[in-house]
Amino acid sequence: MTSPASAPRPRQSLRRHRAARPVLLALSLFLVGAVYAAVAPATTSSADGAADAQLIAQGKDLFAVNCASCHGLNAEGLAQQGAPALTNVGAAAVDFQVRTGRMPMGNPYAQAVGKQNTFTDDEINALATYVGSLGSGPKVPGEDQYNPDGLSAEDVARGGDLFRTNCSACHNFKGAGGALPNGFVAPSIEKTDPAQIWEAMRTGPGQMPVFAAGAIPDEDVKAVIAYVQQVNATPSAGLTLGGIGPVAEGFWAWVVGIGSLVLAAVWIATRGARA
Amino acid sequence: MAKPAQINPSSPAMEVRTPPQEESPSKLAAPAKWVDDRIGLAKLLGNIRKIFPDHWSFLLGEIALYSFVILLITGIFLTIWFKPSMTEVEYAGTYQLMRGVPMSEAFASTLSLSFDIRGGLLVRQIHHWAAMLFVAAMTAHMLRVFFTGAFRKPRELNWLIGVGLLSIGLIEGFAGYSLPDDLLSGTGLRFVDGLVRSIPLIGTWAEFFVFGGEFPGDLIIPRLYMVHILLVPGLLLGLISAHMALLVYHKHTQWPGPGRTQRNIQGYPFFPIYVAKAGGFFFIVFAVTILMGAFMQINPVWIFGPYNPAQVTAGSQPDWYMGFVEGAIRIIPNWEWHLWGTTWSWNIFLPGVGLMGLLFTSLALYPFIEAWITGDTSEHHLLDRPRNAPVRTGLGVAGMAAYGMFWLSGGNDILATQFHVSLNAVTYFMRAAVFVVPVLAFIVTKRICLSLQRADRDRVLHGSESGVIVRSPDGGYSEAHQPLSQGEAYTLTRHPQPAALVPNGKKVGRLRQRLSHWYAAGQVPKPTAAEIAEAAHHAAVEDGHDAPALEGGDSGDTP
Ligand code: HEM
């Protein structure tokens, strides 16, 4: 092994060359780009340039008709509508917002609520590709990123733990939803499609925080999705009374329990005695 | 050597008494006599013909008693498998969705009770529903006692025992709710930890005392277990026995009615009729709790998950009977003092410790306060109809309204999501409602009571509506009235009416005088005997008067 002192001088001077840093930076950027292009989800990378351009154009048209009134013609956001810029929200955000029927919005001054989605898959794809092409942001996930099939019981249980750590504070212990301050609500996610759960976590709609891949990798997202699906599919021990916990239980204890027992008491007391 | 003490031989105390020679009992009666000789069974059986009056509201206490028995039976079943330990284990049981999750042994054993023990889940659910009913029935029973004035002399002590039962019933329920160590109950314990710490000066010390160190520690579940299955049930049993003993000693109160006086009691004898009724009712209560346990899910701890201080869930609520404290804490503004570098936090102490203290203190003191206001020192074995004590009834309803508002506040998030209103709006509304609604409730209730009194008075004076509409010859319509039966008239008029204190000779403080005026004010005077006679006479005249009218006798327009 060579000691630092005996290291050959020319190499050191090469590293210290004025151009070294920019060149290295360019090289590494190229490398990242190349690797990314190789592994990025098929939805965007497999489309050839021409088809892509066509899709983007179609998306831009759709956007101009349905979305631009609030988000601006170039998705730059319109402050007076309270609508944010969409330049860096990513295709996944559009896919989520449109598929859950949140966008186009009815009333831009209240929380976006899920409704029936009226766009076809192709239209959504076009919209998402267009908005995705405007800047950075998560792409529409591939099935391998969210499909929870094939996880082991331990994985699903770990997903439950993750769910309780990250989500139940707002969405309740089984995803039935809950109230947030100032009139906002965290909606029920019991029936949300896996892809949209993935997208919600990655894009953080409305009041919800973003859960980035660095914090919760796709494997864990799958586990969370699996848990939400399975905990809602487990048979319950009787009527679930809304699955909202002790408030409903207390209510029914009075109505059914005390109610029926008082009726029984009235019956007994009016019965007199038959000798 | 000790000598026997000197006694006056003629002292009556020295008389030698020989037990009366007994005839040998018949063969059949011999075992009964054997027992009677030893434990005085005959005396006990004397009580067996005790009379109990019949009214549905007198059965509310029985619901509480029976649910307590059900709790004992189902609770013993649960103790066989429940492990009160906070030792951490990795779950390896049959419930897939917890596979490998770290949890306390208490939680793991609750899961195994629910999934692996035959009938375990059913018994857990019965136990929990019975606990909810236990406290609910106690509450309903207490309201019955309050609104009918059954707490008055000589029953004040039994009222106090009842207040004790209610308060430790809450503790018992809370301790039980905490045992499974799930996410909701752990959050509830965290809440209590906050309450304990909010006590000024000694808070932190008290927390360390209760939890054996910082929250959560690993002692609290074993300690609560001891409280839940030994200490409090023991106290409850003792107090319930005292409650029943005093009930037998005082005899039950009864509604006023013909033949019912302060000195007698009308009803069925305990044995055999009341036993049959009460025994039957026990089975009904048991059946209802079993049906609820079988068909209505309660406390599905496997969905909540094990307690983990890093986790919390939307919709974290205690069982209903702690909801009012939760509500008070949810709506109180953030009041704190910062003095000389110390923080005095009132936002938990006042609504938590303060409100519970206020509730139970005012419950305990009410009988004495009312007696002081009215100056009433007589015994009462006949109940008040709530309308005949308008201020008391008003206060009771106001108290219920305040409790109800706090209670609703405890579910402010559920109200917000279920009725699509803003959480903040609910909270601000409740801040005002806890003060305004009780006042409105008092005013409205008192008015209703007074108009019911007026209706009673009219009924006594003019009789009951017969439903027969009579058309007079000049075209007017009126409803014929029927005179009341003697019995009903008696029932409607026998009650004493509260009167303002008159300081005859004795000095009566100003506050007390004011309160007593307020208590008695506005009552509709009962009809006097003279008024009743007058009304009866009038009615008779009217009848006689009507008859000729039918013949057209006094109509102005007959030709
Ligand atoms: C007297 C009134 C009582 C009340 C109000 C009460 C209330 C409760 C409640 C609310 C729970 C939580 C139940 C659940 O997890 O679903 C509980 C659990 C439990 N109770 Fe009681 N209980 C009472 C008496 C007793 C008695 C007398 C025993 C035993 C002799 C007992 C033994 C248990 C045990 C072992 C548990 C924990 C097991 C489990 O949660 O599954 N309880 N109790």
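A Cβ distance below 6 Å, combined with a sequence gap of six or more or placement on separate chains, defines the contacts here; from region B:211-229, residues that are within 16 Å of the ligand (Cβ to nearest atom) reach residues that are open to solvent by 30 Å² or more (accessible area, probe 1.4 Å) and hydrophobic (A, V, I, L, M, F, W, C) in the pairs B:I221/B:M86. A single entry from B:T393, B:T342, B:T427 fulfils the requirement of being within 30 Å of B:K506 (Cα to Cα) and of a type in the set (S, T, N, Q): B:T393. In the set (1) away from chain A (no Cβ under 14 Å); (2) touching a Gly at 6+ places or on another chain (Cβ under 9 Å); (3) of a type outside the set (F, W, Y); (4) within 16 Å of the ligand (Cβ to nearest atom), B:S241 fails one condition alone, (2). For region A:225-247: of the residues being buried (at least 23 other Cβ atoms within 10 Å of the Cβ) and under 18 Å from A:G178 (Cα atoms), which is farthest from the other protein chains (Cβ to nearest Cβ)? That would be A:V228. Put simply, of B:L179, B:L195, B:L183 the only residue that is within 14 Å of the ligand (Cβ to nearest atom) and open to solvent by 10 Å² or more (accessible area, probe 1.4 Å) is B:L179. Is it the case that some residue within region B:154-166 is touching a helix residue (DSSP H, G or I) at 6+ places or on another chain (Cβ under 8 Å), part of a helix (DSSP H, G or I), within 13 Å of the ligand (Cβ to nearest atom) and over 24 Å from B:G305 (Cα atoms)? Among the residues of region B:154-166, at least one is touching a helix residue (DSSP H, G or I) at 6+ places or on another chain (Cβ under 8 Å), part of a helix (DSSP H, G or I), within 13 Å of the ligand (Cβ to nearest atom) and over 24 Å from B:G305 (Cα atoms), which makes the answer yes. Does B:R144 meet the test of being more than 16 Å from the ligand (Cβ to nearest atom), open to solvent by 20 Å² or more (accessible area, probe 1.4 Å), within 13 Å of chain A (Cβ to nearest Cβ) and part of a helix (DSSP H, G or I)? The answer is yes for B:R144.
Evaluation of B:P269 against the conditions (1) at pLDDT 95 or above; (2) within 11 Å of chain A (Cβ to nearest Cβ) shows that the sole unmet condition is (1). Here is a check on your reading of the model: is A:T192 away from every other protein chain (no Cβ under 12 Å) and touching a Pro at 6+ places or on another chain (Cβ under 8 Å)? No, not satisfied. Restricted to region B:70-91, and to residues that are open to solvent by 90 Å² or more (accessible area, probe 1.4 Å) and within 14 Å of chain A (Cβ to nearest Cβ), which residue is nearest to the ligand (Cβ to nearest atom)? Ranking the qualifying residues of region B:70-91, first place goes to B:E88. The criterion of at least 1 residues that are more than 16 Å from the ligand (Cβ to nearest atom), aliphatic (A, V, I, L, M) and more than 10 Å from every other protein chain (Cβ to nearest Cβ) is met, among helices (runs of 4 or more DSSP H) falling completely within region B:283-378, by B:323-331, B:355-374. For A:F173, the conditions (1) over 24 Å from B:V101 (Cα atoms); (2) touching a Phe, Trp or Tyr at 6+ places or on another chain (Cβ under 9 Å) all hold with the exception of (1). For region A:250-261, enumerate the residues that are more than 16 Å from A:T240 (Cα to Cα) and more than 7 Å from chain B (Cβ to nearest Cβ). Residue satisfying the conditions is A:G259 alone. In region B:222-275, what residues are among the polar types (S, T, N, Q), more than 15 Å from B:A64 (Cβ to Cβ) and open to solvent by 50 Å² or more (accessible area, probe 1.4 Å)? Passing the criteria: B:T261, B:Q262, B:N264, B:Q266.
The values are calculated or read from the model by the stated rules, or taken from the named source; none is laboratory data. Keep in mind that this is a model prediction, so the values were computed, not measured. Neighbour counts run over all protein chains shown; Cβ positions are idealised from the backbone, glycine included. To get the accessible areas, we keep the full protein, side chains included, count just its heavy atoms, and leave off ligands, DNA and RNA. Shrake-Rupley method; radii C 1.70, N 1.55, O 1.52, S 1.80 Å.
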